[in-house]
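First the structure, in the form of structure tokens, and then the observations on it.
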Amino acid sequence: MSLVVAKFGGTSVATPERVLSVAKRLVQRKRSGDKVVAVVSAMGKTTDDLIALANQVNTNPPAREMDTLLSTGELVSMAMVAMAIHSQGEEAISLSGRQVGLVTNDVHGKAKIREIHAERIKEALEEDKIVIVAGFQGIDANGDVTTLGRGGSDTTAVAIAAGIHADVCEIYTDVDGVYSADPRVAPKAQKIDVISYEEMLEMAAAGAGVLHKRCVEFARKYGVTIHCRSSFNDEPGTLVKEYESHMEKALVTGVAHDSSEAKFTIRDVPDTEGIAATVFGALADANISVDMIIQNISEDGHADISFTSPKADINRTREVMEAIVEKTGAAEFVVAEDIAKVSIVGAGMKAAPGVAAKMFRTLADAGINLSLITTSDIRTSVVIPGDKGPEAVRALHTAFGLDGDDVFEETQLSAEELAAKMAKGR
Ligand code: ADP
Ligand code: ASP
Ligand code: MG
């Protein structure tokens, strides 16, 4: 007998038929002797629809109310899955973030999990029920509903798996696992059988939305093995686990891209001590996360500072920047929304010089201009014009020898589902 947490993403529960097939999978699993907790996302593009609904009454809705609204999507699907399980003759109980005791901080829209009181789940499992938990949501210390950020149901699943000491956390999605690039962008991308937490974390941070970044952080911290696999077939997917010496350290394991960030540049800010601390301190106080940072020193005692941050926070970032320009006497700030971040990730990069140079040469040969560059031990990222993202991913995938013979063919998603997925910012 195993204790399994299985998470199903929006596409996997998009229609009543798919809800029934998720229920069937869970029932079979239970009948094979396992104890099963399922975590579910909102059905299809419900979360996008709820955001659009809110925007019809307020283009800058209060974050607390937004969380209350968005959390309803997952409540619908958890009840649907529980009902579908009952229709197949097994007992199931659905539990919201509140009912499951998932406590977060109070940062609405991107709350971090503080603790889980898993007693209710354990009791229900003891009573031989299949437990269905609403993903993406929790409550803060005041009892207000919070959400964990787009794609956050993955994190709910891993946190619960850690909380109940599950044997594995299975993340069921609409592709066969983690690929060497988004297969919808690079059709020659290949499924990766096993990937270390370290590399997966960098892939997720670089925009590989197949797994939420914080879910990988959680998994690493608590030693939870993730099995990312398809909800449309029974093929084994990708195992995400601690690096073991027999695992290959490829120079480049994957290429990721991210179009969800905007680039801000503050021009002619006085180049004095504490300026960077003032700028980034103000952003941190507003809970705006910053990814890439670059400072150019100019000759007359002024500097330009550029950074990237999520487009989802663009209104608040503009407000913070307006105040910063005023406070520091900078000339102005400009925003570029039409950018893409493209990254290569590989544990073998640490020990191999020349990987970044090859990346820049490949992009130059493709006529793609770079505006920001950052590197870490195992990742190099560049910012390029937004419309060049897919082309850059494919060129790098080929240049680093990642192209396989199998070509990814989309068979399971409707055109509407695909469009919603590609538009989804993180
Ligand atoms: P779910 O709703 O199941 O959580 P997501 O849309 O969040 O699904 O994640 C799955 C999608 O992630 C895939 O359909 C794919 O387009 C995208 N994706 C991006 N990068 C990768 C990658 N490296 N490997 C696999 N899928 C990826
Ligand atoms: N429903 C949420 C979203 O669309 C959470 C998730 O699917 O993981 O972002
Ligand atoms: Mg997801």
Open item on the list: Under a Cβ-only charge scheme (Lys and Arg +1, Asp and Glu -1), can you give me the dipole magnitude of the chain about the Cα centre, in debye to the nearest 20?
Closed with: 660
TODO: Give the calculated FRET efficiency between Glu123 and Ser2 to the nearest 0.05, with a Förster radius of 25 Å applied to their Cβ-Cβ distance.
DONE: 0.85
Task: Computed E for Ala419/Asn55 - FRET, C-beta separation, R0 22 angstrom, nearest 0.05 - done: 0.75
Task: Order of Phe360, Phe8, Phe307 - criterion: other Cβ atoms within 10 Å of each residue's Cβ, fewest first - done: Phe360, Phe307, Phe8
Open item on the list: Rounded, prolate or oblate for region 278-426? Axes are the square roots of the Cα gyration tensor eigenvalues, ordered a ≥ b ≥ c, and the cut-off for rounded is a/c under 1.5.
Closed with: oblate
Task: Cα-centred dipole magnitude for region 318-405, charges only on beta-carbon of K, R (+1) and D, E (-1), debye, nearest 20 - done: 420
Task: Residues whose placed amide H lies under 5 Å from that of Leu372, excluding near-sequence neighbours - done: Val383
Open item on the list: Can you sort His246, His86, His212, His108 from fewest to most other Cβ atoms within 10 Å of each residue's own Cβ?
Closed with: His246, His86, His108, His212
Task: In degrees, nearest ten, helix 275-285 long axis to first principal axis of the chain (Cα) - done: 20
Task: Calculated [θ] (222 nm, deg cm²/dmol) that DSSP helices of n ≥ 4 give over the chain, each run adding -39,500 (n - 2.57) - done: -11000 deg cm²/dmol
TODO: Enter the angle in degrees (range 0 to 90, nearest 10) between the Cα long axis of helix 46-55 and the first principal axis of the Cα atoms of the chain, meaning the one along which they spread out most.
DONE: 50
Task: Listed residues Asn55, Leu102, Met78: farthest to the positive end of the dipole of region 1-159 (Cβ charges) - done: Met78
Task: Contour minus Cα-Cα distance for Asn233 and Asn287 (0.36 nm per residue) - done: 15.4 nm
Task: Under Karplus coefficients 6.51, -1.76 and 1.60, residue-wise ³J(HN,Hα) of region 23-30 in Hz, glycine/proline x - done: 4, 4, 4, 5, 5, 4, 4, 5
- [ ] May I ask which residue of Ala364, Ala157, Gly404 lies farthest towards the positive end of the charge dipole of the chain, with charges of +1 (Lys, Arg) and -1 (Asp, Glu) on Cβ and the Cα centre as origin?
- [x] Ala157
Task: Which listed pairs, of Lys110/Lys263; Lys241/Lys341; Lys35/Lys110; Lys110/Lys213, have C-alpha distances above 24 Å, in listed order - done: Lys241/Lys341; Lys35/Lys110
TODO: Whole Å is fine, so just give me how far the alpha carbon centre of region 247-268 lies from that of region 74-114.
DONE: 33
Open item on the list: I need the shape label for region 1-48. Rule: rounded when a/c is under 1.5, else prolate if a/b > b/c, else oblate, with a, b, c from the alpha carbon gyration tensor.
Closed with: oblate
Task: Simple label model, 7 Å out from Cα along Cβ direction - Met247 to Glu410, nm - done: 3.0
Task: Gyration tensor (alpha-carbon) shape descriptor, region 356-418, a/c threshold 1.5 - done: prolate
Task: Sequence ranges 348-356, 179-187, ranked by mean other-Cβ count within 10 angstrom, highest first - done: 179-187, 348-356
Open item on the list: If amide hydrogens are placed 1.01 Å from N in the peptide plane, which non-local residues have theirs closer than 5 Å to the one on Thr173?
Closed with: Arg229, Ser230, Ser231
Open item on the list: Quick query: amide H of Val133 versus all other amide H atoms, modeled in the peptide plane; which residues come in under 5 Å with a sequence gap of 5 or more or a different chain?
Closed with: Ala38, Val39, Val40, Leu95
- [ ] Run the dipole for region 101-235 about the Cα centre, Lys and Arg Cβ at +1, Asp and Glu Cβ at -1, nothing else charged, and hand back the magnitude in debye, nearest 20.
- [x] 480
TODO: For region 215-223, just list the computed ³J(HN,Hα) in residue order, Karplus coefficients 6.51, -1.76 and 1.60, θ = phi - 60°, integers in Hz, with x standing in for Gly and Pro.
DONE: 5, 6, 4, 4, 4, 5, 4, 9, x
TODO: Work out from phi, with θ = phi - 60° and the Karplus expression 6.51 cos²θ - 1.76 cosθ + 1.60, the ³J(HN,Hα) of each residue of region 335-350, listed in order in whole Hz, and give x for Gly and Pro.
DONE: 10, 10, 8, 8, 10, 9, 9, 10, 9, 10, 10, x, 5, x, 4, 3
TODO: Please name whichever of Thr68, Val27, Thr15 sits farthest to the positive end of the charge dipole of region 1-74, dipole taken about the Cα centre and charges placed at Cβ: Lys and Arg +1, Asp and Glu -1.
DONE: Val27
TODO: May I ask for the distance between the Cα centers of region 370-426 and region 126-142, given as a whole number of Å?
DONE: 34
Task: Sequence of Glu199, Glu416 once ranked by neighbouring C-beta atoms within 10 Å, starting from the fewest - done: Glu416, Glu199
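Since every read-out is calculated from the coordinates, none of them should be taken as a lab result. All figures in this text were calculated on a predicted structure; none of them were measured in a lab. In this analysis, Cβ positions are derived from the backbone assuming ideal geometry, glycine residues included, and neighbour counts consider all displayed protein chains.
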